[in-house]
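The structure appears right after this line, and notes come after that.
The values are calculated or read from the model by the stated rules, or taken from the named source; none is laboratory data. Treat the numbers as computed from the prediction; the structure is a model and nothing was measured. Please note: Cβ atoms are built from the backbone with ideal geometry, for glycine as well, and neighbour counts cover all protein chains shown.
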Amino acid sequence: MYLDKFKLTGKFAVVTGAGRGIGLAAAEALAEAGATVVLTDMNGDLLATAKAELSAKGYKKVDSEVLDVTDAGRVQAVHDAIMARHGRVDILVNNAGIAISNHPAETMADDVWNKVIDVNLNGVFWCCRAFGKSMLEKGGGSIVNVGSMSGFIVNRPQEQANYNASKAAVHHLTKSLAAEWGARGVRVNSVAPTYIDTEMNKYVYEDAEMYRHWVGGTPMNRLGRTDEVASVILFLASDASSLMTGSIVLADGGYVCW
């Protein structure tokens, strides 16, 4: 009974920012659980490599679309193309995101602020709006937004008011949509990871001061892995979390405890 709740056989899932990192791991987790997965990413080369990687592992029900989530028109066009091919979307994972750190607030340029907000917040909303509407029309669905522990705390030593604000906004957007859509069968939750060992974060190994704060500030004394975040995403996407909506699930190695 309980293990069956994690199965996604017959479900159709869309993952943004799926070219690598958490997005690719999430796509693999959903595919392993039985879903047909549509990978999206703005980088076509990464997307092709990711699709080939999943195919080589035996996951044949994988589709892809190039998508820049900051382009609301393109989001709608990709939604329409996916619906035309597959007929429905049951799961949406909003993973696409960027960080532009080490910009003190008092000197942060407009474009640095706007770019992070555009990808991390606007992009999540455009996707929720397009795919959420279809879910509402068919009477059900599960949306998982990738937030961050940075929506709860202020990171150090890097200054990144833009990123922190964007992720806090994603958390509250998650709650807002959950409240609006819960009675109509669409659940909206978020996962809030700690620092994850991805290509984007590898620079920390060459910065002793930053590494001290990142790892030394984590009770588990390590970075997280992409599969650990993907496991939470699978849980939130599946019927195993059927009573949860508007939840922000920390996967932070205990970071916010300190």
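At a glance:
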read-out	value
Matching residues, the range 1-21, being among the basic types (Lys, Arg) and not in a helix (DSSP H, G or I)	Lys7, Lys11, Arg20
Number of positions in the range 130-184 that are among the small types (Gly, Ala, Ser) and in contact with a strand residue (DSSP E or B) (Cβ under 7 Å, 6 or more places away or on another chain)	8
Residue selected from the range 171-221 under the condition farther than 23 Å from Ala18 by Cβ and of a type in the set (Ser, Thr, Tyr), by the criterion nearest to the chain's Cα centre (by Cα)	Ser176
Restricting the range 220-249 to residues that are in contact with a helix residue (DSSP H, G or I) (Cβ under 6 Å, 6 or more places away or on another chain) and among the aliphatic types (A, V, I, L, M), the residue that is surrounded by the fewest Cβ atoms within 10 Å (Cβ to Cβ)	Ala240
Residue, surrounded by the most Cβ atoms within 10 Å (Cβ to Cβ), within the range 161-189, restricted to residues that are without any contact (Cβ under 8 Å) to a residue 24 or more places away in the chain and within 11 Å of Gly151 (Cβ to Cβ)	Asn164
Sole residue being touching a His at 6+ places or on another chain (Cβ under 9 Å), surrounded by fewer than 17 Cβ atoms within 10 Å (Cβ to Cβ) and of a type in the set (A, V, I, L, M), chosen from Ala109, Ala84	Ala109
Leading residue by the ranking (surrounded by the fewest Cβ atoms within 10 Å (Cβ to Cβ)) among those in the range 190-219 that are polar (S, T, N, Q), touching a Phe, Trp or Tyr at 6+ places or on another chain (Cβ under 9 Å) and not in a helix (DSSP H, G or I)	Thr218
Conditions (1) under 15 Å from the mean Cα position of the chain (by Cα); (2) surrounded by fewer than 15 Cβ atoms within 10 Å (Cβ to Cβ): number failed by Cys127	(2)
Of the criteria (1) under 23 Å from Ala251 (Cβ atoms); (2) among the hydrophobic types (A, V, I, L, M, F, W, C); (3) in contact (Cβ under 8 Å) with a residue 24 or more places away in the chain, which one Ala130 fails	(1)
Pair list, Cβ under 7 Å, 6 or more apart: the range 68-86 residue under 10 Å from Thr40 (Cβ atoms), other residue among the hydroxyl-bearing types (Ser, Thr, Tyr) and not in a helix (DSSP H, G or I)	Val69/Thr16; Val78/Thr40
Yes/no for Ile91 being surrounded by 22 or more Cβ atoms within 10 Å (Cβ to Cβ), within 23 Å of Val191 (Cα to Cα) and modelled with pLDDT of 95 or more	yes
Flag if Ala13 is touching a residue at least 60 places away in the same chain (Cβ under 8 Å) and within 21 Å of Val186 (Cα to Cα)	yes
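Conditions (1) part of a loop (DSSP other than H, G, I, E, B); (2) surrounded by 15 or more Cβ atoms within 10 Å (Cβ to Cβ); (3) at pLDDT 95 or above, marked per residue:
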residue: Gly23; (1), (2), (3): no, yes, yes
residue: Ala31; (1), (2), (3): no, yes, yes
residue: Val38; (1), (2), (3): no, yes, yes
residue: Ala48; (1), (2), (3): no, yes, yes
residue: Glu53; (1), (2), (3): no, yes, yes
residue: Val69; (1), (2), (3): yes, yes, yes
residue: Gln76; (1), (2), (3): no, yes, yes
residue: Asp80; (1), (2), (3): no, no, yes
